[in-house]
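See below for the structure under consideration.
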Amino acid sequence: MSKISNNIRSAVAQLSQMYKPSLALAKSVLIASAAVTLSLMGARQLGILEPVELSAYDQMVRWRPDEQPDSRLLVVGITEADIQKLKQWPISDRKIAEILQKLDKMQPAVIGLDVLRDVPLGDGREELTKVLQKSDRIIGVCLVTDGSPDNPGSPPAPGLPENRVGFADFGVDPGGILRRALLFMKPPTIEGNSSAQKHLCNDNSQVLASFNLQLALRYLQGQKIYPQTAPDQSLWLGETKLKQLESNDGGYTNADARGYQILINYRSRQQVANQVRITDILEGKVDPNLVKDKIVLIGYTTETVKDLFYTPYSGQQQSNQFMPGIVAHAQVVSQILSAVLDNRPMLWFWPEWAEILWISAWSIVGGTLASRMAHPAKLTVTFGAVLSGCCAISFGIFLLGGWVPVAAPALALILTGGSIVSAERFNKAGYGKAISDRVKQVFKIEIDQAKKEQQVAEITESDFFKELQQKKDKLRISKQETSEKTHSDPQEITASTPELAKAESQTDDYLAQLQEKAKQQKQRAAVTESESGSQTSVPIDTGSGASSAETKPDDEFSDLQTKAKQMRQRRGAQKMIKDEKIDSLTDKEDLGGKEE
């Protein structure tokens, strides 16, 4: 058993040595990947990557092939040619009433009038009101207030009941691009004491449905499909859930997701449905089969009326940059009908944890490629191919109805690979080792300095050092007393001279002993430094065996020697002064004896 155990240990050791470089490489890749992923997620939370992600979304919308026009819809546009031919601006109430009557006779499923009639325009106000009250196929529009007293919103046309009115407002992203559609909303409260007229679209107690949703619901009623609300307040039409847009879905970051919004899944660039002009309706040039059982939308398509929107299709376009509002409504209506009746997917999104894994995976791929490939040209070509693959996969998911991050994984791939390449070149150039050695040296100096300070503190607190301090204090007091006695009684000076000499001899012994100990400690410290490269503690023998202390650093030994030399010089000077004073007193006594 012991032999088998030894063989297993040997095999494990060989494997660890064999895969040790690979494990170190994998560790560096994972660390770099984690750092890049966390940085990118932080940038996403701050909204830094949102413009790039939205631009990538717009590009994917443009790359996606257009679908066939939705045959369930018919757009009746009011063009500039119609205005010139009718010689009316705006179109009068009488003409609008006439158009509605002609269309109603063709038996459409529902008629959507995206033309504001909150105030009388031209003749025929009464006629228009009667038509709106008589036909239950007509859905009108209003505009919701933004909450300011100067913009109280626009009420619907008179004669329309509330269940046949929808708001025509859209949620527009920063930059003016239309990507989202509002299905439900609650009008905001008007600030201050406004004297504006109260109506449906500025009543904060009402929950309003949008114009496009009203048209889709009215059409689906003929298919025996009715709206239902789930416990989580999500809207279901049959077995289809209209996914509510959250503030951080897809490439958005803290978007204004008030109300019930969905991301617009555009059907085509322009031809979302068959389209005719109002003069064609008035002149009877429209095939009734284009109208019967269809959703008919009437609205302005001329640029004279500023009911135009930038869309994802507007990018890189010199002309036709705008989409008329009535066409945008047709896009949303077609999207809802296609999702419910044709199983065309609504746009969906990954949860946040899945997006983190997606970004982290591409980061690891970039780091692995950079660590495995050393040739710059091959690495560049490979990175270009992998980056194209990342974008292709994201676009493939988009074709299936999913919007996943595009810019963040591409940046993760590039940044992680770039960091690995930079780190390897940095280490090969020797800069990494030089900096590491310098850092270690700095830390070593700080540690040695801390040790020295600790050793000095231990020496100053030792019994031997305290005894030296006491001897120094006694000697100073003895010298002061001797000086005072010199002025008061010269004879006592002579008597105390043997005691002074004895004290001085003791001082000499202490100083000599201290100097000898310092020399020994310095030699021991030099030997210790050569062996271990760091300071160690050396016990100090006081001669009595009662106390010991750690050795001081070299500079402390030199200080002790300097102090000893200074004390010896000071003692010699004091002795010379005392000798001179004694000689002067002796001379005075001799002179006094001669005078007698």
task: With all protein chains present, calculate the accessible area of Trp89 using a 1.4 Å probe and round the result to the nearest 10 Å².
output: 130 Å²
- request: With a 1.4 Å probe and every protein chain left in place, tell me how much accessible area Phe170 has, in Å² to the nearest 10.
  value: 30 Å²
- line: Rounded to two decimals, the Rg over Rh value of segment 117-246 from Cα coordinates and the Kirkwood Rh reads 1.00
- prompt: Of the beta bridges DSSP finds with both residues in segment 90-211, what % are antiparallel, to the nearest 5?
  reply: 45 percent
- request: Report the dimensions of segment 300-411 along its three principal axes from the alpha-carbon atoms, largest first, rounded to Å.
  value: 61, 35, 21
statement: Descending packing, highest mean Cβ count within 10 Å first, for 139-146, 350-357 is 139-146, 350-357
- line: segment 334-381 and segment 210-282 have their Cα centres apart by a whole-number Å value of 27 Å
query: Using a 1.4 angstrom probe and counting only protein chains, how large is the accessible area of Asp473 in Å², to 10?
result: 70 Å²
task: Heavy atoms only, probe 1.4 Å: what % of the accessible area of segment 293-386 goes to carbon and sulfur, would you let me know?
output: 58 percent
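Among the trypsin sites (Lys or Arg not before Pro) in segment 151-229, which ones are in a DSSP loop with at most 14 other Cβ atoms within 10 Å of the Cβ? Mind listing them?
Details: sites: Arg164, Arg179, Arg180, Lys198, Arg218, Lys224; in loops: Lys198, Lys224.
Here the trypsin sites (Lys or Arg not before Pro) that fit, given the DSSP loop and packing criteria, are Lys198, Lys224.
For a protection proxy built on the mean count of beta-carbon atoms within 10 angstrom, sort 241-254, 409-422 highest first, please.
Values: 241-254: 18.7, 409-422: 21.9.
Answer by packing, highest mean first, reads 409-422, 241-254.
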- line: Quarter of the surface of the C-alpha convex hull for segment 156-213, i.e. direction-averaged projected area in nm², equals 5.2 nm²
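What is the diffusion coefficient of segment 67-120 in µm²/s, taking the Kirkwood radius over Cα pairs and the Stokes-Einstein relation at 10 °C with a viscosity of 1.306 mPa s? Can you show the working numbers first?
Working: Rh = 13.0 Å.
My calculation gives 122 µm²/s for D.
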- prompt: What are the radius of gyration and Dmax of segment 300-360, computed over its Cα atoms and given in Å?
  reply: 16.8, 50
query: Can you give the Rg to Rh ratio for segment 228-319, taking only C-alpha atoms and Rh from Kirkwood?
result: 1.05
task: Work out how far the C-alpha atoms of segment 124-165 reach from end to end along every principal axis, then list the three figures in whole Å, largest first.
output: 35, 22, 10
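Summing Lys, Arg as +1 and Asp, Glu as -1, what charge do residues with Cβ under 9 Å from the Cβ of Leu143 carry, Leu143 excluded? Walk me through the intermediate numbers first.
On the way: positive: none; negative: Asp118, Asp169.
Residues near Leu143 contribute -2 overall.
Output the peptides 38-50, 291-303 sorted from most to least packed, where packing is the average of other Cβ atoms within 10 Å over each peptide's residues.
Numbers: 38-50: 16.0, 291-303: 21.4.
With the highest mean Cβ count within 10 Å placed first, the list reads 291-303, 38-50.
Take the alpha carbon atoms of segment 269-343, find their radius of gyration, then divide it by 2.2 N^0.38 Å using N residues; give the quotient. Don't skip to the answer; put the middle values down first.
Details: Rg = 14.1 Å, N = 75, 2.2 N^0.38 = 11.3 Å.
So segment 269-343 has a normalised radius of gyration of 1.24.
The values are calculated or read from the model by the stated rules, or taken from the named source; none is laboratory data. Computed from a predicted structure; not experimentally measured. Quick reminder, even Gly has a Cβ in these numbers, built from the backbone with ideal geometry, and neighbours come from all protein chains shown. The protein model used for the area step is the full one, side chains on, heavy atoms only, and it has no ligands, DNA or RNA in it. Shrake-Rupley method; radii C 1.70, N 1.55, O 1.52, S 1.80 Å.
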